[in-house]
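Novice: After the structure tokens below, expect a handful of questions from me.
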Amino acid sequence: MYKKTLAILVGVGLMASLVTGCGSSGSDKPAAKADKKELKIGFVMKTLSNPFFISMEKGAQKAGKELGVKLEVQVGQEETSIEQQIAIVENMIATKVDAICIAPGGSKEIVPVLKKAQDAGIPIINIDNRIDGDAAKAAGLKPIVVD
């Protein structure tokens, strides 16, 4: 559990670094605060009905607060609610989040919408379950994977 929570914290931190240009403005404040633009990172998990995912969400929220980013957590009703995850990502694209961190419920089914997000300029971090490599390659998706 600790290793997965640490991976989430690293993932959120990496997302913040990616969308802020990997640095701050020379102050001790996170780059998001220095630039006066609050970053909004979408965090798509499978569910919050499982203690594992509840811990994951708490760790991500903690990292978001520490890094000065707004973390928008959305989940499906069940771990297998892949259609809900797809709709959540579609909505995040429409609302123009700065990045998406996702624990996909389906390793192949989620690829087209993640490619759409990437084409919209939204960086993607894949956590927990890896996206199917062949499906990602076929779609031209280049996710960043955090184990």
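Yes/no matrix, rows are residues, columns are (1) part of a helix (DSSP H, G or I); (2) within 17 Å of LEU39 (Cα to Cα):
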{"position": "SER55", "(1), (2)": "yes, no"}
{"position": "GLU66", "(1), (2)": "yes, yes"}
{"position": "GLN84", "(1), (2)": "yes, no"}
{"position": "LYS96", "(1), (2)": "no, yes"}
{"position": "ASN126", "(1), (2)": "no, no"}
{"position": "ASN129", "(1), (2)": "no, no"}
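Novice: Follow-up question, since we're still on this one. Please go through (1) more than 21 Å from LYS142 (Cβ to Cβ); (2) open to solvent by 50 Å² or more (accessible area, probe 1.4 Å); (3) at pLDDT 90 or above; (4) not in a helix (DSSP H, G or I) for GLU79 and return the number of the only condition it doesn't satisfy.
Specialist: (3)
Novice: Restricting attention to segment 91-109, report how many residues are within 19 Å of ALA135 (Cα to Cα) and of a type in the set (D, E, K, R). Walk me through how you get there before you give the answer.
Specialist: At the first step, the residues of segment 91-109 found to be within 19 Å of ALA135 (Cα to Cα) are 100-109.
Still in the list and also of a type in the set (D, E, K, R): 108-109.
Residues that pass the stated criteria total 2.
Novice: Does at least one position in segment 88-101 carry a residue that is on the phi > 0 side of the Ramachandran plot, of a type outside the set (Val, Ile, Thr) and either surrounded by 18 or more Cβ atoms within 10 Å (Cβ to Cβ) or at pLDDT 90 or above (or both)?
Specialist: yes
Novice: Restricting attention to segment 111-133, and to residues there that are among the β-branched types (Val, Ile, Thr) and over 18 Å from LYS96 (Cα atoms), which single residue is modelled with the lowest pLDDT? Explain how you work it out, then say what you get.
Specialist: First, the residues of segment 111-133 that are among the β-branched types (Val, Ile, Thr): 111, 113, 122, 124-125, 127, 131.
Remaining after also requiring over 18 Å from LYS96 (Cα atoms): 111, 127, 131.
Numbers: VAL111: 96, ILE127: 87, ILE131: 92.
Checked segment 111-133; the qualifying residue modelled with the lowest pLDDT is ILE127.
Novice: Pull out all pairs, ordered by first then second residue, where Cβ-Cβ is under 6 Å, the residues are six or more apart or on different chains, the first lies in segment 75-87 and is closer than 10 Å to GLY106 by Cα, and the second is among the hydroxyl-bearing types (Ser, Thr, Tyr) and modelled with pLDDT under 90.
Specialist: GLU79/THR47
Novice: Now, a different point. Restricting to segment 41-55, what's the tally of residues that are closer than 20 Å to PRO123 by Cα and either open to solvent by less than 10 Å² (accessible area, probe 1.4 Å) or in contact with a Lys or Arg (Cβ under 6 Å, 6 or more places away or on another chain) (or both)?
Specialist: Residues that pass the stated criteria total 5.
The values are calculated or read from the model by the stated rules, or taken from the named source; none is laboratory data. Treat the numbers as computed from the prediction; the structure is a model and nothing was measured. For neighbour counting, all protein chains shown are included, and Cβ atoms are generated from backbone atoms with ideal geometry for every residue, glycine included. SASA here: full protein model, heavy atoms, side chains in, ligands and nucleic acids out. Shrake-Rupley method; radii C 1.70, N 1.55, O 1.52, S 1.80 Å.
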